[in-house]
Amino acid sequence: MSLLVVGLSHRSAPVSVLERASLAADTQAKLLQDTLAAEPAAEGAVLATCNRIELYADVDKFHAGVAELSTLLAQHSGVGLEELTPYLYVHYEDRAVHHLFSVACGLDSMVVGEGQILGQIKDALALGQDLHTAGRLLNDLFQQALRVGKRAHSETGIDRAGQSLVTFGLEQLADGADVASWAAGKRALVIGAGSMSSLAAATLARAGVSEIVIANRTTARAERLVQILTEPGGTGVAARPVEMVAVGDELTRADIVVSCTGATGLVLTGEAVEAAMRDRAAPLALLDLAMPRDIDAAAHRMTGVRLVDIESLADASADAPMAADVDQVRALVSDEVAAFGAAQRAAHITPTVVALRTMAADVVAGEVARLEGRLPGLDDKQRAEITQTVRRVVDKLLHAPTVRVKQLASEPGGAGYADALRTLFDLDPETVASVSRADLNDADVKNRGRV
């Protein structure tokens, strides 16, 4: 089996295509289930964010795997395969590992170095675990990606290069001014109460806005976010929840609006923004962080309105400077990819080595039993000494070859050593497979809940 990733991101596709291809939570679950039902795939995980959609799978055939995963992405995204294909990228084996590790470190993000992607990778793994589509390979891969990402942020200065998409968006709205000075005293409306909206509310509170209104389809979630913002020792900002039906009225009073919901249609239509502008004299700043978009792009053309959305953020990020620490993170990623590959290759041969030692133990047991039949007068001490001696001889004969074969198997191109070992010793394939299944079950038990 081999790791394959097929996906598209802000680097390979225009925002208009990403917007149409975005996957709702229930669609992601169905995509994973269909991936495992497909013949080439044994495991699956999907990483879907506002600027990337990637399907990871453990496949036994490369070309069939690429064709199947591409077709599945097209079917579940609703974008035709012919239209989607030019924007897809494919990574295989070590290149796939390198890609995910780079993504985890923020090297492939719209805002280089941002740390939110770690939470999204964690969510992707949790979904794969809940649906039992992530087996040993993808569990190991995503767990290690999270560790690599944390290493990058703790051991390098990548945080100096990175910032959250919220902060970057507010900087674009401020148009060169200091965000805190620009936001101070303004009234803010945050639409949505998920992780991105919560981050936006907290960022606005730290920037010094005078009031934050939280609108959400589920009022209880809006109330919970307000409670967090206003609790003792919190931000100290004035905050209140409202229902979604009140958004139109709140638009006439707000100076800053940040929207990030999971809605499939527009949350703020052009007509709603235009109506709000008729009842106000002050300018209106809109930040749309949703994919697909929440705010009608027509707002770009309205007098007194400044709209920053994912598309304009992608354009702005293309000119953002890269910190020198990025090179250090790239080196870290390369080292981690090599270590992960070596560990996976070494693990691949372990069932064969275990099967070999099991076969040797069976031979020892059979010969000792045969000896007892021919020498029935042996007492317990003599029998134990003979058994121990035979076992020591076998262990010494197997020690050097098994240690060496593990070393060789961990090197690039070492996958064939397991096959050679099975052939040389005529090992039963079912015995090797049973060891692999036991390892897989153990790994599944250990990895549950470790995200």
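The values are calculated or read from the model by the stated rules, or taken from the named source; none is laboratory data. No experiment lies behind these values; they were computed from the predicted model shown. Counting neighbours? That spans all protein chains shown, and the Cβs are built from the backbone with ideal geometry, glycine included. With ligands, DNA and RNA removed, areas are computed over all heavy atoms of the protein, side chains included. Shrake-Rupley method; radii C 1.70, N 1.55, O 1.52, S 1.80 Å.
The listed residues Leu118, Leu229, Leu131, once ranked by accessible area (1.4 Å probe) with the largest placed first, stand as Leu131, Leu118, Leu229.
Computed with a 1.4 Å probe over protein heavy atoms only, the accessible area of His300 comes to about 90 Å².
Entry note, the chain: relative contact order of 13 percent, from Cα contacts under 8 Å with a spacing of 6+ residues.
Can you give me the angle between helix 325-374 and the longest principal axis of the chain, using Cα atoms only, in degrees from 0 to 90, rounded to the nearest 10? Here the helix axis deviates by roughly 30 degrees. Distances between placed amide hydrogens fall under 5 Å for Leu307 paired with Leu286, all partners being 5 or more residues away or on another chain. In order along region 101-112, the phi-based Karplus estimate (6.51 cos²θ - 1.76 cosθ + 1.60, θ = phi - 60°) of 3J(HN,Hα) comes to 4, 5, 4, 4, 7, x, 6, 9, 7, 4, 10, 4 Hz; Gly and Pro are listed as x. For region 55-161, the dipole from Cβ point charges (+1 on Lys and Arg, -1 on Asp and Glu) about the Cα centre works out to 360 debye, to the nearest 20.
Zone of Ser210 (label point 7 Å along Cα→Cβ, backbone N under 20 Å): which residues in region 232-249? The answer is 235-242, 249, whose backbone nitrogens lie closer than 20 Å to the label point.
For the chain, the number of Lys pairs with C-alpha atoms closer than 28 Å, counting only pairs eight or more positions apart or on separate chains, is 11.
Could you tell me which residue out of Val66, Gly128, Leu18 lies farthest along the dipole of the chain toward its positive end? Charges go on the beta carbon: Lys and Arg +1, Asp and Glu -1, centred on the Cα centre. Projecting each Cα onto the dipole axis, the largest value belongs to Gly128.
Each of Arg370 and Val90 was given a label point 7 Å from its Cα along the Cα-to-Cβ line. The distance between the two points is 5.3 nm.
Backbone N atoms of region 117-133 closer than 19 Å to the 7 Å Cα→Cβ label point of Gln33 belong to residues 124-133.
The figure for Cys50 is an accessible area of roughly 20 square angstrom, using a 1.4 Å probe on the protein chains alone. Of interest is the spacing of the C-alpha centroids, which for region 1-64 and region 110-177 amounts to 18 Å. Only one of [x] 123; [y] 183; [z] 154 was calculated from the structure for volume of the Cα convex hull per residue in Å³, and its label is [y]. Taking other residues whose beta carbon is less than 11 angstrom from the beta carbon of Thr167, and scoring Lys, Arg as +1 and Asp, Glu as -1, yields -1.
Counting only other residues whose beta carbon sits under 12 Å from that of Ala331, what net charge do I get with K and R as +1, D and E as -1? Counting the neighbours of Ala331, the net charge comes to -3. The C-alpha atoms of the chain define a longest principal axis, and helix 429-447 lies at about 40 degrees to it. Based on DSSP H segments of at least four residues, each scored -39500 (n - 2.57), the chain has a per-residue ellipticity at 222 nm of -18500 deg cm²/dmol. About its Cα centre, the dipole of region 41-84 is roughly 100 debye, where the only charges are +1 on Lys and Arg Cβ and -1 on Asp and Glu Cβ. For region 119-263, with equal point scatterers placed on the C-alpha atoms only and solvent neglected, what are the log10 I(q)/I(0) values from the Debye formula at q = 0.12 1/Å, to two decimals? Taking Cα atoms of region 119-263 as identical point scatterers yields -0.62. Pull out a ≥ b ≥ c, the square roots of the eigenvalues of the alpha-carbon gyration tensor of region 123-171, then state rounded if a/c is under 1.5, prolate if not and a/b is larger than b/c, and oblate in the remaining case. Because a/c hits 1.5 or more and a/b fails to exceed b/c, region 123-171 counts as oblate. Each Lys and Arg contributes +1 and each Asp and Glu -1, all at the Cβ; summed about the Cα centre of the chain, the dipole is approximately 1020 debye.
For the chain, DSSP calls about 45 percent of its internal beta bridges antiparallel. Under the criterion of Cα pairs below 8 Å and six or more residues apart, the relative contact order for region 222-313 equals 25 percent. Between helix 62-77 and the chain there is an angle of about 30 degrees, using the helix long axis and the longest principal axis of the Cα atoms.
Solvent-accessible surface of protein heavy atoms, probed at 1.4 angstrom with all chains present, puts Glu271, Glu19, Glu231 in the order Glu271, Glu231, Glu19, largest first. Against the criterion of solvent-accessible heavy-atom surface with a 1.4 angstrom probe, Ser16, Ser2 sort, most first, into Ser16, Ser2.
Site pair Thr389 and Asp428 shows an inter-label distance of 3.0 nm when each label is modelled 7 Å from Cα along Cα→Cβ.
Accessible surface of Arg253, taken over heavy atoms with a 1.4 Å probe and every protein chain present, rounds to 100 Å².
The residue among His99, Val333, Leu398 whose Cα reaches farthest toward the positive pole of the charge dipole of the chain, with charges on the beta-carbon of Lys, Arg, Asp and Glu, is Leu398.
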